[in-house]
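Below is one structure, written out as structure tokens; the observations come after it.
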Amino acid sequence: MTAKKSGGGHRLDAAELNRRAWATQFSQPEKARSLAFRALEEAERESNQAESGWAQLSLAFHELRYGSIEAGEQRLSLAEPALLAVEDRRGIWLTRDARGFVLMRRHQLQPALELYLENAAAPLDERHPEDFAWSCNGAATAYSYLGRHPEGLRWFYRAAGWLDHANQPVLLGMVLANIGVAQRTVGNDDDALAALDAAWKQVRRSPRHRVTGQILALLAACYLGVGRYNESLKLVGRLEQIGEAAQPVYAQGFVHLTAARAYYEAGDFDRAEQRLQRALPVLESTLGDPNHAVYNCLHGLLALRRGELHQACERLNESWALLAAERHPSIGVWIAQARAQAIEQAGDLTAALAAWRDFGTLRRQFMQLGNRSRAQTIRLELELEQARREREQSVRARALLDATNSELLSTNAELMRKIAEARRLERRLRIDASRDALTGLSNRRYLFENFAARMERAQRDRQQVVVALIDLDRFKQVNDRHGHATGDLVLRTFARVLRRCVRPGDLLGRYGGEEFCLVVPAVETDVALARLETLRKRLDDVRLTTVEGDLLKIEFSAGLAVYPLHADSLDGLLAAADKALYRAKASGRGCTVVAGTPDAPHPA
């Protein structure tokens, strides 16, 4: 867990809050929504665009499942640019799934199908197994609504296959429930009930979860289809206990209609009427012909019970017209039978005969479809098992490859560490080769290597370069009287003070022994002399105490030579500066002499 201290406790960061929100989106949707809002606030505090996108994505899915399409689209429009900006591939694919969900809610089935199929073909390393399951489930649902039931079944089983090893019981329950609906739709009742029972086992540990009511309603509808009315009624009783709040908004109409039909089959017509009234507002806000057809069929059957034959026939004919029977054959058979019975009771024998023919034709097609779907289910189960074995082999091969890659990465990391160490040592050697170990200044070699660049710049810019040779006065006496340790201290102290008197671009180094060299480009001779006098004044403030308690004062003599006045090479300038230094020493030390000047040296 990632947390940050906040006052007396810990504050989860946006990434951890998003992880928890996503993990609980199916099992605890209200908690997931709360976590997503917290993640959004934390992401804004952290200025984290990626986590802000994920928080908006979680809220978008919540709105699409349990709120309004418009609110979901608004959240999605905020999530998409954020995830695109940070190139979060998984998040980008999931926003496309959400777009597919929007298209499904708007009953734009073909565009939704195409989008889901593209998502299901995404690169494996860009998505999680449950993401692929979601895309496959969406494609399967679109196929089923389009009446392409074999393809729908195949894709539902693919979705279940992706969830084999994922710890997503609620999501698996939803997929299994959809398999049950698909099998019931094509008349394969045994497999339908098996799938729905398996779905109920997956979600019954979360009795207050919103998908629980939906799965109970699907199981109840399947029991109704096979004539097990008492069992269906028991499940409707459980639905009443769960309450409407525990159902996704897009499923509430179906739940009400299933309950209404169960009450009708049980002879409780008043409660059936009440449930139909509760279904109407939900149906008016959603699209999809199966539920509207079922609604009209139930109204027609209730009118028939009241003896209102004309109204019953109108409702049932409207139901038949609304339903695309080839897309929903199980519902179509039920509506066709109810319609034929109503028309027959109304006394229109010619129309009744045509209606019974429609029923017979649809029932034969339904039975043939059931036989084909059973065979297809067996093939799909075999394919799924084969795919499962291949996936397990792929996982083992990937684990072996990962282990090999891990070893290679470890070896490569060690090699890179050694290369970095070698480069560090190389840099250290270069520095050591150009530095004087005692004073930390550049050495003589560095001075000679870098002087040429100053000369070239001076020639190009027609400027002069001043070279100063500086020698500590009476340094040998310090060594003889106080020892080399004190002498070394004097050299280090002088170098430290001298370093503070140079500019960026000047060359300064230890020339040898107690001699130092300062190369000052682009200045007049008077400026260089003033610089040396500043050095003298700063040295006046320095007092060194020997181990014997004696005070030492550091003094120096210097000789200056100027390019191009005295020479046009470093050797020539150093020779001229050395002669000037000799004259400074001969003049009593503690002064500076400029080469080629007959006048007296500059005093200390």
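Rounded, prolate or oblate: pick one for the stretch 543-599, where a ≥ b ≥ c are the square roots of the eigenvalues of its C-alpha gyration tensor, a/c under 1.5 means rounded, and failing that, prolate if a/b is larger than b/c, else oblate.
Numbers: a/c = 4.20, a/b = 2.53, b/c = 1.66.
Judged from the Cα gyration tensor, the stretch 543-599 comes out prolate (a/c at least 1.5, a/b above b/c).
When the charge dipole of the chain is built from unit charges on Cβ atoms (+1 for Lys and Arg, -1 for Asp and Glu) and taken about the Cα centre, the candidate among Cys222, Val282, Gly53 whose Cα reaches farthest toward its positive end is Gly53. Along the axis of the charge dipole computed for the chain (Cβ charges of +1 for Lys and Arg, -1 for Asp and Glu, origin at the Cα centre), the listed residues Leu193, Ala399, Gly152 are led at the positive end by Ala399. Gain on full extension, evaluated as 0.36 nm per residue between Leu84 and Ala194 minus their Cα-Cα distance, stands at 35.4 nm.
Determine the relative contact order of the chain: mean sequence separation of Cα pairs under 8 Å and six or more apart, normalised by residue count, in whole percent.
Working: 894 pairs, mean separation 41.2, N = 604.
After rounding, I find 7 percent.
Between Thr546 and Glu524, what's the calculated FRET efficiency when r is the beta-carbon distance and R0 is 60 Å? Round to 0.05. Don't skip to the end; give the middle numbers.
On the way: r = 40 Å, r/R0 = 0.66.
According to the calculation, E is roughly 0.90.
Report the longest stretch of the chain that contains none of the GluC sites (Glu not before Pro) sitting in a DSSP loop with at most 11 other Cβ atoms within 10 Å.
Details: sites that count: Glu87, Glu548.
Here the longest run is 88-547.
Applying 1/(1 + (r/R0)^6) with r as the Cβ-Cβ distance of Lys476 and Ile419 and R0 = 51 angstrom yields a FRET efficiency of 0.60.
Report, in whole Å, the centroid distance computed from the Cα atoms of the stretch 155-193 and the stretch 19-54. That distance is 29 Å.
Are there any trypsin sites (Lys or Arg not before Pro) in the stretch 400-498 that are in a DSSP loop and have at most 10 other Cβ atoms within 10 Å? List them by number.
Numbers: sites: Arg417, Lys418, Arg423, Arg424, Arg427, Arg428, Arg430, Arg435, Arg444, Arg445, Arg454, Arg457, Arg460, Arg462, Arg474, Lys476, Arg481, Arg492, Arg496; in loops: Arg462, Arg474.
Answer in residue order: Arg462.
Helical runs assigned H by DSSP (4 residues or longer) give the chain a calculated mean residue ellipticity at 222 nm of -24000 deg cm²/dmol, each run adding -39500 (n - 2.57) before division by the residue total.
For Thr350 and Arg204, what does the FRET efficiency come to when R0 = 51 Å and r is the distance between their Cβ atoms, rounded to the nearest 0.05? Between Thr350 and Arg204 the formula returns 0.50. Under the convention that each Lys and Arg Cβ holds +1 and each Asp and Glu Cβ holds -1, the size of the dipole of the chain around its Cα centre is about 1060 debye.
Taking the centroid of alpha carbons for each part, the stretch 258-281 and the stretch 518-546 are 105 Å apart. Using the 2.2 N^0.38 Å rule of thumb for compact globular proteins, work out how the stretch 413-463 stacks up: its C-alpha Rg over that value, please. For the stretch 413-463, the normalised Cα radius of gyration is 1.69.
Between rounded, prolate and oblate, where does the stretch 413-551 land on the alpha carbon gyration tensor, with a ≥ b ≥ c its root eigenvalues, rounded for a/c under 1.5, else prolate if a/b exceeds b/c?
Numbers: a/c = 2.51, a/b = 1.13, b/c = 2.22.
Judged from the Cα gyration tensor, the stretch 413-551 comes out oblate (a/c at least 1.5, b/c at or above a/b).
Can you list the DSSP H helices in the chain whose Cα atoms extend at least 15 Å along the helix axis and whose mean Kyte-Doolittle hydropathy is 0.0 or higher?
Numbers: long enough: 29-46 (25 Å, -1.09); 49-66 (26 Å, -0.35); 69-85 (24 Å, 0.33); 89-105 (25 Å, -0.33); 109-120 (16 Å, 0.16); 129-145 (24 Å, -0.34); 149-162 (20 Å, -0.79); 169-185 (24 Å, 1.14); 189-203 (21 Å, -0.10); 210-225 (24 Å, 1.31); 229-242 (20 Å, -0.34); 249-265 (25 Å, 0.15); 269-284 (23 Å, -0.66); 289-305 (24 Å, 0.05); 309-322 (19 Å, -0.42); 329-345 (24 Å, 0.16); 349-434 (114 Å, -0.65); 444-461 (26 Å, -1.37); 484-499 (22 Å, 0.26); 525-540 (23 Å, -0.39); 570-586 (24 Å, 0.29).
The answer, listed by residue number, is 69-85, 109-120, 169-185, 210-225, 249-265, 289-305, 329-345, 484-499, 570-586.
Could you tell me what percent of the accessible area of the chain is made up of carbon and sulfur, with a 1.4 Å probe and every protein chain present? Accessible surface attributable to carbon and sulfur in the chain totals 50 percent.
Length available on full extension from Gln463 to Tyr582: 0.36 nm per residue minus the Cα-Cα distance, which gives 40.2 nm.
Please say if the chain is rounded, prolate or oblate, where rounded means a/c under 1.5 for a ≥ b ≥ c the square roots of the C-alpha gyration tensor eigenvalues, and otherwise the choice is prolate for a/b larger than b/c and oblate otherwise? Walk me through the numbers on the way to the answer.
Values: a/c = 4.40, a/b = 4.15, b/c = 1.06.
Note, shape of the chain comes out prolate.
Between the stretch 447-498 and the stretch 302-350, the alpha-carbon centres lie 111 Å apart.
Label separation (Ala71 vs Asp506): 7.3 nm, computed from points 7 Å beyond Cα along the C-beta direction.
Quick one: compute the contact order of the stretch 499-540, relative version, from alpha carbon pairs under 8 angstrom and 6+ residues apart, as a percent. Write down the numbers at each step before the final one.
On the way: 26 pairs, mean separation 12.8, N = 42.
Relative contact order, the stretch 499-540: 30 percent.
Residue farthest toward the positive end of the dipole of the stretch 56-140, with Cβ of Lys/Arg at +1 and Asp/Glu at -1: which of Ala79, Leu115, Ala140? Toward the positive end, the furthest listed residue is Ala140.
The values are calculated or read from the model by the stated rules, or taken from the named source; none is laboratory data. Predicted model, so just to flag it, every value in this text is computed and none were measured. Using ideal geometry, Cβ is built from the backbone for each residue, glycine included, and neighbour counts are taken over all protein chains shown. Please note that ligands, DNA and RNA were not included when accessible areas were found on the heavy atoms of the full protein model with its side chains. Shrake-Rupley method; radii C 1.70, N 1.55, O 1.52, S 1.80 Å.
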